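S.K.: Handing you this structure, nothing more for now.
The values are calculated or read from the model by the stated rules, or taken from the named source; none is laboratory data. Treat the numbers as computed from the prediction; the structure is a model and nothing was measured. Neighbour counts are summed over all protein chains in view; Cβ atoms, including those assigned to glycine, are modelled from backbone coordinates with ideal geometry.
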Amino acid sequence: MRAVVQRVLESNVEIDGKVVGICQKGYMILFCAMEGDKPEDIDLLAKKVANLRIFEDENEKMNKSILDVEGEILCISQFTLAADTKKGNRPSFINAMSPDTASKYYDKFCDELINNGVKSVEKGVFGADMKVSLINDGPVTIILDTDIWAKKQ
């Protein structure tokens, strides 16, 4: 399971010119469920995101979490994070989880962010053609991959 977490001042997602999700200060997350991911990976990733300390404290050190700053999240499904570019120039998406299961993992991940104390989690529409806008704060962008954590345990 992969997530790209971007610290934002604001972000939104549009479908057919209509805003369907928005957040102010917080995170815009691109989320991808991959073949081999397990339900417990959802819990692990949601807990990591909720407690990730990438907001500045009074000493300008990244020492506060989204919970500490009462930030918001806009989470977007993004199967292209599963791209395999080892061969040739055209990415393969064979490592992406099947859409039916991935959709359930995406919804569960967003629910788990709320269960971990995030005050507001808005979403895009799974599988839709979306236009995402954001103002990256910093910029701060963190890539999380549950596969890496599993290998180290």
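S.K.: Here is a list of conditions, (1) in a loop (DSSP other than H, G, I, E, B); (2) in contact (Cβ under 8 Å) with a residue 12 or more places away in the chain, and residue 60 meets all of them except one; can you say which number that is?
M.R.: (2)
S.K.: Okay, next question. Any residue at all in segment 132-150 that's polar (S, T, N, Q), more than 14 Å from residue 21 (Cα to Cα) and either touching a Leu at 6+ places or on another chain (Cβ under 7 Å) or at pLDDT below 95 (or both)? Spell out the reasoning first.
M.R.: So the first thing to find is which residues in segment 132-150 are polar (S, T, N, Q), and the list is 133, 136, 141, 146.
Now drop any that are not more than 14 Å from residue 21 (Cα to Cα), which leaves 136, 141, 146.
Within this subset, residues satisfying the condition of being either touching a Leu at 6+ places or on another chain (Cβ under 7 Å) or at pLDDT below 95 (or both) are 146.
Checked segment 132-150: at least one residue is polar (S, T, N, Q), more than 14 Å from residue 21 (Cα to Cα) and either touching a Leu at 6+ places or on another chain (Cβ under 7 Å) or at pLDDT below 95 (or both).
S.K.: Against the condition at pLDDT below 95 and either crowded, with 16+ Cβ neighbours inside 10 Å or of a type in the set (Phe, Trp, Tyr) (or both), how does residue 50 come out, does it pass? Explain how you work it out, then say what you get.
M.R.: Values: at pLDDT below 95: no; either crowded, with 16+ Cβ neighbours inside 10 Å or of a type in the set (Phe, Trp, Tyr) (or both): yes.
Against the criterion (at pLDDT below 95 and either crowded, with 16+ Cβ neighbours inside 10 Å or of a type in the set (Phe, Trp, Tyr) (or both)), residue 50 does not qualify.
S.K.: Working only within segment 93-107, note down all residues that are touching a Phe, Trp or Tyr at 6+ places or on another chain (Cβ under 9 Å), surrounded by fewer than 15 Cβ atoms within 10 Å (Cβ to Cβ) and assigned to a loop (DSSP other than H, G, I, E, B).
M.R.: 93
S.K.: Does any residue of segment 17-25 turn out to be surrounded by 20 or more Cβ atoms within 10 Å (Cβ to Cβ) and at pLDDT 95 or above? Step through it out loud before you land on a result.
M.R.: Initial filter on segment 17-25 (surrounded by 20 or more Cβ atoms within 10 Å (Cβ to Cβ)): 21, 23.
When the remaining residues are screened for being at pLDDT 95 or above, the result is 21, 23.
Yes, segment 17-25 contains a residue that is surrounded by 20 or more Cβ atoms within 10 Å (Cβ to Cβ) and at pLDDT 95 or above.
S.K.: Are there any pairs, at least 6 apart or on different chains, whose C-beta atoms fall under 6 Å, with the first in segment 119-142 and under 16 Å from residue 4 (Cβ atoms) and the second of a type in the set (Ser, Thr, Tyr), and if so, which?
M.R.: That search, which allows pairs on different chains as well, returns 134/11.
Yes/no matrix, rows are residues, columns are (1) of a type in the set (Gly, Ala, Ser); (2) on the phi < 0 side of the Ramachandran plot:
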residue: 5; (1), (2): no, yes
residue: 11; (1), (2): yes, yes
residue: 25; (1), (2): no, yes
residue: 50; (1), (2): yes, yes
residue: 56; (1), (2): no, yes
residue: 69; (1), (2): no, yes
residue: 73; (1), (2): no, yes
residue: 88; (1), (2): yes, no
residue: 111; (1), (2): no, yes
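S.K.: Going by what's in this entry, would residue 36 be described as part of a loop (DSSP other than H, G, I, E, B), over 14 Å from residue 4 (Cα atoms), of a type in the set (Gly, Ala, Ser) and in contact with a Phe, Trp or Tyr (Cβ under 9 Å, 6 or more places away or on another chain)? Outline the logic, then answer.
M.R.: Details: part of a loop (DSSP other than H, G, I, E, B): yes; over 14 Å from residue 4 (Cα atoms): yes; of a type in the set (Gly, Ala, Ser): yes; in contact with a Phe, Trp or Tyr (Cβ under 9 Å, 6 or more places away or on another chain): no.
Judged against the criteria, residue 36 is not a match.
S.K.: A further question follows. Just to be sure I understand, how many residues within segment 45-56 are over 13 Å from the mean Cα position of the chain (by Cα) and touching a residue at least 12 places away in the same chain (Cβ under 8 Å)? Show your work before the answer.
M.R.: So the first thing to find is which residues in segment 45-56 are over 13 Å from the mean Cα position of the chain (by Cα), and the list is 51, 53-56.
Remaining after also requiring touching a residue at least 12 places away in the same chain (Cβ under 8 Å): 51, 53-55.
Going through segment 45-56 one residue at a time, the tally reaches 4.
S.K.: Scan segment 108-142 residue by residue and report those that are assigned to a strand (DSSP E or B) and surrounded by 17 or more Cβ atoms within 10 Å (Cβ to Cβ). Walk me through it before giving the result.
M.R.: Narrowing segment 108-142 to residues assigned to a strand (DSSP E or B): 120-123, 131-142.
Passing the criteria: 121, 122, 123, 134, 137.
S.K.: Pairs under 9 Å by beta carbon, first residue surrounded by 11 or more Cβ atoms within 10 Å (Cβ to Cβ) in segment 73-92, partner β-branched (Val, Ile, Thr) and assigned to a loop (DSSP other than H, G, I, E, B), six or more apart or different chains?
M.R.: Close Cβ pairs (under 9 Å, with a partner that is β-branched (Val, Ile, Thr) and assigned to a loop (DSSP other than H, G, I, E, B)) amount to 73/66; 73/118; 77/125; 82/94; 84/94; 91/85; 92/85.
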